[in-house]
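Below is one structure, written out as structure tokens; comments come after it.
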Amino acid sequence: MIFLNALIQGILLGGLFAMAALGLSIAFGVLRVVNLAHGEIMTLGAYLAYLSLSALGLNVWMSLLIVVPAMGVVGYWVQRLMLQRALRLSELSPLLVTFGLAIMIPNALVEVFSNNKKPLPTGDLAVQSITIVDGITVGVLPLLTLVVAVVLIAGMQLFLARTKMGRYMRAAADDSDTLRLMGIDYRKVYAFAMAIAFGIAALAGVFFGIRQGGVTPFDGQLTVLFAFEAVIIGGLGSLWGTLAGGIVLGVAHSLAGQISPDLPLLVGNLVFLAILVFRPTGIVRSKVAA
Amino acid sequence: MSESVSTEKSLLEVNAVAKSYGALQVLTEINFAVPTGQAVGIVGPNGAGKSTLLSVINGTERATAGSVLFDGCDVTDLGPEVRARAGMGRTFQIPRPFTHLTVFENALSGASYGAGLYGKAADEQALHALELSGMLDLANTPAGKLPLLARKRLELARALATRPRLLLLDEIAGGLTEAECDSLVETIAGLHASGITIIWIEHVVKALLAVVDRLVCLASGTLIADGQPDAVMSSTEVRRVYLGSGI
Amino acid sequence: MSLLSAQLVSAGYGDSRAVSDIVLTLAPGELLALVGANGAGKSTLLRVLAGAHKPTSGSVWLKDVDISPLTDFERNRLGISLVPEGRRLFASLTVLENLMVGAGSGRVGEWTADRVVDTLPMLKPLLKRNASRLSGGQQQAVSIGRALMSNPEVLLLDEVSLGLAPIIIDELYESLAVVRQSGLGIILVEQDLSRTVAVADRIICLLEGHVVLQGAAGDLSHEQITDAYFGHSISSFSNPELTTEEGLQA
Amino acid sequence: GSASSGAEGDSVIKIGYISPVTGAYAGFSDGDAYMLGVVREQFADGIDIDGTNYSVEILDRDSGSDPAKAGELAQQLITTDKVDLLLATSTPETVNPVIAQCEANATPCLTTLAPWQAVVFGGGFSADKPMAWSHHYFFGIEGFAGVEPSAWDQVETNKKVGVLWPNDADGGAFRDPATGYTPFAEEAGYTIVDPGAYENGNQDFTAIISKFKAEGVEVITGVPTPPDFVTFWTQAAQQGFKPKVATIGKALFFPATVPSIPNDLGDGLAFTTWWGPTFPYESSFDGTTPEQWISNFEASPDGADLTWNQATPENESLFEVASAALQASGNPQDKAAVNKAFDTINMMTLAGTVDFTTGPLQGVATIPTAVGQWQKTSAGEWEWVVIENSKIPNLPVERSIEPLN
Amino acid sequence: MTTLTAASFRVDRYQKRALMAGGVSAAIFVALAAAPYLLDPAITSSWIKLFYLITLATMWNLLAGYAGMVSVGQQAYIGLGAYGVFVFNDLGFDAYSSALIASIAVGAIALPLSFVAFRLRGGYFAIGTWVIAEAVRQIIIRFDELGAGRGRSISTYTGDPVFRNLFTYWLALGILALALIVTFYLLRSRMGIALQSIRDNEVAARALGINVSRTKRIVFTIAAMGASLAGSVICIQAIGVASPNQIFSVSYSAFMIFMVLIGGIGTIEGPIVGAVIYFVMDFYFSQLGLWYLVVLGLLAILVTLFLPKGIWGAIHERFNISLFPVGHRIVPIADHIPTKVLSNADV
Ligand SMILES: Nc1ncnc2c1ncn2[C@@H]1O[C@H](COP(=O)(O)OP(=O)(O)OP(=O)(O)O)[C@@H](O)[C@H]1O
Ligand SMILES: Nc1ncnc2c1ncn2[C@@H]1O[C@H](COP(=O)(O)OP(=O)(O)OP(=O)(O)O)[C@@H](O)[C@H]1O
Ligand SMILES: [Mg+2]
Ligand SMILES: [Mg+2]
């Protein structure tokens, strides 16, 4: 029973990892941008949510209606103004640009909001739970996170595989110059994709913030490695893989915790490395991209 | 000519080689041997498996079944770098230049490692390869700045720099003007005359015929013709799947 | 009225010039062949026409419109389609998806995926395959098909038969002949001189970025062209104005 | 650099002050701008020592919460700026590297705001090998373990205590079987249930919660980081784990943590405290009491957007003690004399009494602690009240602890 | 056009310039080694940081700029180098020899780790190395003797602060010299060509006879040893490790990337320039608090976007100078061959 409970909690945790990883997966897997600032984008999203809470008096869920589009716009322009140019320069350039952002964002946040935690209250949602059988209770918020992650992933996967825009996004990553010869301004395609990536990252940031009761400027640094691991375990370019990767990681953490509480992070990392040694392309072979 | 060749021992032997990517069977049971000093041409429809065969021979791809013998040794499980040092030089159909190195340094790479030379000897070998492929005038140009056809010539130069005993060429004549093509044919013929064994994939059949002693036609992963170039060219099957009525 | 024309176009890379003061015109339904030695500037010229390379001077006109300020994707939407040197497929997309992206200009017309597959039957079994897993020739075929998908008025083909089996080249040229009938203009870079002379209406020969010879295909002898490759007979064709006039009247 | 120090070097005392103004531990220093203003004002006329008036120059530096940077800065201050005395504060990450440089470079050093065990043992010192040039004052494990059990005693429990001790400097010191927390708790009749060290940044506390549930734990204590504690506490509520009392160090030092816990779950959490508005302390500079300090702080422009916290007065007290020691030294530029002078310090400061004459070890002084509990007022404001004062008898106790519901 | 023949050319490796560079560098190093006697040791000891920064940047450049392995996990070896000092110090070696012995031990650890890391390519490799570094940290903090999560200090070191600083200074300088010499020699040797070939195209490199994994492995190990030595210097200078999180912090990788890219990746001079810039900025501006970091981030972005070859790259392009030439140039022997035949003859 304890084992089963740990497994279930691990899967739920995986939902959170997958949600955090989704935006990264789009940037990394589809656009080939290793976004070192992904964690900071999440944090920024959570701060925006806090702002809409405190300035506009919205509740957290309503704030998403502002946060996600707003961060989408940010993503659009970060891509147009910075990453676009960087991508044409060299493989390393986007890495350095996002690294620059990763340094700038949290420090600027401290200047503006101080180091103190800014709350993201959701009433009792955060602590509500459903008892399935004795010894197995499922938190409502983690469950909601998992469900949202799955819905988002399914939606994105369909979008990328089935729609024109999705195809253009993948094509742009392969050869943006040639895409222009097909009559498509890849800059817009790319920027649109980055807008989605940023929007989803912001959403994930808000969920992380809710889970921890609020947000502090350096929160993003903790989560970004989990997100990267989930993406890579899952396999580049495959969004379902990202979900699977998140869950594998979550379960690894949870089960390792059963053995000893100092093991989860280490075991998570070792599982990641082991998967890569035995299956360097990730556990899910992508249908969308090679 | 082929009589004198057939008495020599085989430099390369391909035994029952098969290659598949997942469910897709690209090569089925290929058997063929190339005696030392022979120049073999390979033709065949697009997607027949020619480049794949070349990759299996030089080790860039692993065969799913069968074995490859080079100079009497089983090299099936050896990596391409070992085969290169043993004397296999190869060009890639889609060029893979070292873009940040100069043309000379590209060739030097082959001379230093494939031919196993050091210092001055490596330099000379690299220069020699550039001369043979007519690239001396571009020696100091970074390979990334070369246009497509120059990149293809660079492929040849690099392969030659490894001082190969077996030279594997994949479509190097395409896109050349007639005069350029003639000089390329002259170069390859010269290499052939100097005793280098050659396997040459080419759709510019005219160029091929000017050099090779033997012609092989590959279609859908199997050899459908193998023999005297004239005979292969006039085979109805080859005409049907590959040449069409044009030639 | 000419379909496409270039006026005194020059372009280069950094400090080096690749093409100088090119003047050319293309009539509807015409097949113009561009020949010249390696590095003569053929690809550069095509890229300038398609808007993929910025000229240092000169202008490009589509019908009566100066399209010089337009970018490559805008020109594509107006009906100029380039099959670039080196295929340049979208490696992570399937063949069918590559074709569908080719229709990105939104121009509708007779070219659909079905029609492309009919014209290039070797693509039929490959539609679901990833473009990264194609042989060289298969890639070339997809690249051509993809360009057709935009239903162009002007088709720019760079080394189009490179890597294709002879039988496929035959079929390809047959279909090019068919497409032309609908008024599509084609500029073709092709090294096989006998084939070029056979299919082209007009031939322009480039040498180190300059037009050194041009004329109706039937009027030019094999020797004249090969000589022009290496500049032996520049003197007899050194008056660009004159040849341009001829070209315009043709 | 060298020219200026020669000219008026004799009558200037240079004090280096290193604190984490930025980075992960910036919360400890966010009141420093105000605090340094107050201190500089105190030193505006210099200090008179043995009839000589010395002007005082404070060189404040930001460690960025980075130990490497803290060490570098200490070295720079000692060798390049040639400070007479170094002060450092807030977490072993800033304090320990500074002490290491002072020890190596024979420069007097005064530090606070880090559990003294983590400073002394963590820095490789011991009773046999005491710090030679450094003095540190703050409470240590006994500051928690000495008062928390008496707070728990106020509630009926089964005396089983679950602990959250991460694998970091603090957690390690708490877990030490000889010098750690357990002996205190056991003496008070409590049993420790230690699920083991977890990593900071852990995302899933299920295993720890299950263990607490299985063992029937009714009391929680520990020194988790703020995000870890919020994660733990939220998951505990989701998974139906409800202890009767929780006294949490570190995470609850900062006033922003508790209000951020979802669904008012922070209501009723208790924590060890060393300073607050009602503490019976006063500044040796000008007699400022904690209550006055808070109102001055909140009225000043530097404190405008900030909530007061317990770290700022602690940092201020460094300068009070430094000033006293410099005066006692007779010659502030004689490093050995200054160092020796610290051993004689026993004084009241804004942050309480600092007494180096009776510390647990040479160069270490401890300060007393009490226990506070968070409550949400009917007006919806968060505030905390003192519920235990055994170690600070003059501290008024508002009420006894209320069990968590 | 006359046909060119190989016999009319020779290969120029800029021997003269290389020799000169070697001579000048040697002189600089001698001067630096003597500097503590001439200047205030207090001034020179602050250069220790500069020395280890250049070492780190040079090593990362070798790894990423020449061998194409973009690692964000070099902090693994920095940390191991630092902890290695404890291990060998505890075994009775003095701190300085411990640094050298530790680097060998770290080399022995990096070698097997390369088998894991080399399963990955490109972005995967970058993240994979980061995870390896995290895992290494998490394993190190399981050892109580090494201070677990608390960090610890060196138990025995030179007591006299002046001598300690001097020894540390010389150690850092020596390591820097070693790093530069190894890099320069490696790149001028035939392995330099092999490395760059691998970076540009692995498949083609193998087909030309280059043993890709072995070559990469050698460089990976050298870079790990270099990082280890730098880590030891960091540890000795701070007389210990105050927190494992810090010594294993990914920000080391971030700063290596920053230095190398600002200076100019794929050149020997670039990382030196980048490290000096970072050092000066850090020295003068780090006390400006957060704004300094925000500016640092902004600078990283601006240089990437508008000076993509880095500062040295721009200087090189503009004035065509290279202090440490590693390339090859073909020059005509006979003077009758017009130099114009060779395009870009003076790259
Ligand atoms: N990595 C791969 N995965 C799956 N299929 C592949 C892969 N590489 C090649 N193929 C398929 O293998 C077949 C043979 O390809 P190959 O490149 O050997 O053909 P080829 O004979 O050289 O053709 P061409 O003349 O067009 O170059 C083709 O159908 C191609 O689609
Ligand atoms: N990316 C580039 N950078 C620098 N120079 C280039 C580049 N591409 C082409 N060139 C130069 O421009 C000139 C014209 O090249 P272009 O590719 O247009 O010739 P081409 O006639 O198409 O030759 P080919 O038959 O080789 O395709 C050549 O001298 C070439 O070296
Ligand atoms: Mg092929
Ligand atoms: Mg071309």
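The values are calculated or read from the model by the stated rules, or taken from the named source; none is laboratory data. These figures come from a predicted structure and were not determined experimentally. Reconstructed Cβ throughout: ideal geometry from the backbone, glycine too, with neighbour counts over all protein chains shown. We work out accessible area using only protein heavy atoms, side chains counted, and drop any ligands, DNA or RNA first. Shrake-Rupley method; radii C 1.70, N 1.55, O 1.52, S 1.80 Å.
Listed here are the residues, each with its yes/no results for (1) within 16 Å of ligand 1 (Cβ to nearest atom); (2) open to solvent by 20 Å² or more (accessible area, probe 1.4 Å).
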site	(1), (2)
B:Asn140	no, no
B:Lys152	yes, no
B:Leu191	no, no
B:Ile198	no, no
B:Val204	yes, yes
*Take E:Arg214 and decide whether it is out of contact with any Asp or Glu (no Cβ under 8 Å at 6 or more places or on another chain), among the basic types (Lys, Arg) and within 30 Å of A:Asn269 (Cα to Cα).*
yes
_Looking only at the range E:259-270, count every residue that is more than 13 Å from E:Leu307 (Cα to Cα) and either touching a Cys at 6+ places or on another chain (Cβ under 9 Å) or within 12 Å of chain A (Cβ to nearest Cβ) (or both) and tell me the total._
2
*Collect the residues in the range C:50-76 that are surrounded by fewer than 18 Cβ atoms within 10 Å (Cβ to Cβ) and at the interface with chain A (Cβ under 10 Å from one of its Cβ atoms), keeping them in residue-number order.*
C:Thr71, C:Glu74
*Assuming C:Asp15 fulfils every condition listed in (1) modelled with pLDDT under 90; (2) near ligand 2 (Cβ under 8 Å from one of its atoms); (3) open to solvent by 30 Å² or more (accessible area, probe 1.4 Å) apart from one, which condition is it?*
(2)
_I'd like to verify a number: residues in the range A:4-60 that are open to solvent by 10 Å² or more (accessible area, probe 1.4 Å) and among the hydroxyl-bearing types (Ser, Thr, Tyr), how many?_
2
_Qualifying residues in the range C:18-49 (those that are more than 16 Å from the chain's Cα centre (by Cα) and more than 8 Å from ligand 2 (Cβ to nearest atom)) - the one least open to solvent (accessible area, probe 1.4 Å)_ = C:Ser20
*asked:* Can you confirm whether D:Lys82 is among the basic types (Lys, Arg), part of a helix (DSSP H, G or I) and either in contact with a helix residue (DSSP H, G or I) (Cβ under 9 Å, 6 or more places away or on another chain) or more than 8 Å from chain E (Cβ to nearest Cβ) (or both)?
replied: no
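A quick yes/no check of all residues on (1) assigned to a helix (DSSP H, G or I); (2) away from ligand 2 (no atom under 16 Å from the Cβ); (3) not charged (D, E, K, R):
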{"position": "B:Arg158", "(1), (2), (3)": "yes, yes, no"}
{"position": "B:Leu168", "(1), (2), (3)": "no, yes, yes"}
{"position": "B:Ile172", "(1), (2), (3)": "no, no, yes"}
{"position": "B:Leu176", "(1), (2), (3)": "no, no, yes"}
{"position": "B:Glu186", "(1), (2), (3)": "yes, yes, no"}
{"position": "B:Leu191", "(1), (2), (3)": "yes, yes, yes"}
{"position": "B:Gly195", "(1), (2), (3)": "no, yes, yes"}
*open to solvent by less than 20 Å² (accessible area, probe 1.4 Å) and more than 13 Å from chain E (Cβ to nearest Cβ): does that describe D:Leu87?*
yes
_Going through A:Leu243, A:Leu225 one at a time, which residue ends up being assigned to a helix (DSSP H, G or I) and free of Cβ contacts under 8 Å to residues at least 40 places away in the same chain?_
A:Leu225
*When only residues in the range C:153-168 that are under 24 Å from C:Thr44 (Cβ atoms) and either within 12 Å of chain B (Cβ to nearest Cβ) or open to solvent by 10 Å² or more (accessible area, probe 1.4 Å) (or both) count, which is farthest from ligand 1 (Cβ to nearest atom)?*
C:Glu153
*Which of the residues belonging to the range D:200-226 are under 25 Å from the mean Cα position of the chain (by Cα), surrounded by 21 or more Cβ atoms within 10 Å (Cβ to Cβ) and closer than 19 Å to A:Gly10 by Cα?*
D:Asn202
*Answer with yes or no whether D:Thr107 is of a type in the set (Val, Ile, Thr), open to solvent by 10 Å² or more (accessible area, probe 1.4 Å) and either within 9 Å of chain E (Cβ to nearest Cβ) or more than 17 Å from the chain's Cα centre (by Cα) (or both).*
no
*Determine if the range A:210-226 includes at least one residue that is at pLDDT 90 or above and open to solvent by less than 10 Å² (accessible area, probe 1.4 Å).*
no
*Answer yes or no: is there a residue in the range D:194-216 that is closer than 25 Å to D:Asp153 by Cβ and of a type in the set (S, T, N, Q).*
no
*Go through the range E:8-93 and tell me which helices (runs of 4 or more DSSP H), entirely inside it, have 3 or more residues that are among the β-branched types (Val, Ile, Thr) and buried (at least 16 other Cβ atoms within 10 Å of the Cβ).*
E:47-60, E:75-90
*Residues (open to solvent by 70 Å² or more (accessible area, probe 1.4 Å) and more than 9 Å from chain A (Cβ to nearest Cβ)) located in the range E:113-146*: E:Phe143, E:Asp144, E:Glu145
_helices (runs of 4 or more DSSP H) wholly inside the range B:40-133 that include at least 3 residues being farther than 28 Å from E:Ile333 by Cβ_ = B:50-58, B:80-86
*Answer yes or no: is there a residue in the range C:107-122 that is within 16 Å of ligand 3 (Cβ to nearest atom) and open to solvent by less than 60 Å² (accessible area, probe 1.4 Å).*
yes
_Subset of the range E:211-252 (residues that are open to solvent by 20 Å² or more (accessible area, probe 1.4 Å), in contact with a strand residue (DSSP E or B) (Cβ under 9 Å, 6 or more places away or on another chain) and in contact (Cβ under 8 Å) with a residue 24 or more places away in the chain)_ = E:Ala242
*Would you point out the residue of the range B:43-62, among those that are over 30 Å from B:Gly244 (Cα atoms) and open to solvent by 30 Å² or more (accessible area, probe 1.4 Å), that is farthest from ligand 2 (Cβ to nearest atom)?*
B:Arg62
*Give me a count of the residues in the range B:14-56 that are within 12 Å of ligand 3 (Cβ to nearest atom) and either polar (S, T, N, Q) or within 18 Å of B:His192 (Cβ to Cβ) (or both).*
7
*Given the conditions (1) on the phi < 0 side of the Ramachandran plot; (2) assigned to a loop (DSSP other than H, G, I, E, B), which single one is not true for D:Ile387?*
(2)
_Restricting the range A:107-127 to residues that are more than 7 Å from every other protein chain (Cβ to nearest Cβ) and either out of contact with any strand residue (DSSP E or B) (no Cβ under 7 Å at 6 or more places or on another chain) or open to solvent by less than 30 Å² (accessible area, probe 1.4 Å) (or both), the residue that is nearest to E:Gly297 (Cα to Cα)_ = A:Leu109
*Positions within the range D:279-296 being under 16 Å from D:Gln42 (Cα atoms), touching a Leu at 6+ places or on another chain (Cβ under 7 Å) and aromatic (Phe, Trp, Tyr), in sequence order*: D:Trp293
*Just need a number here: residues in the range A:145-202 that are open to solvent by less than 30 Å² (accessible area, probe 1.4 Å), within 14 Å of another protein chain (Cβ to nearest Cβ) and among the β-branched types (Val, Ile, Thr).*
4
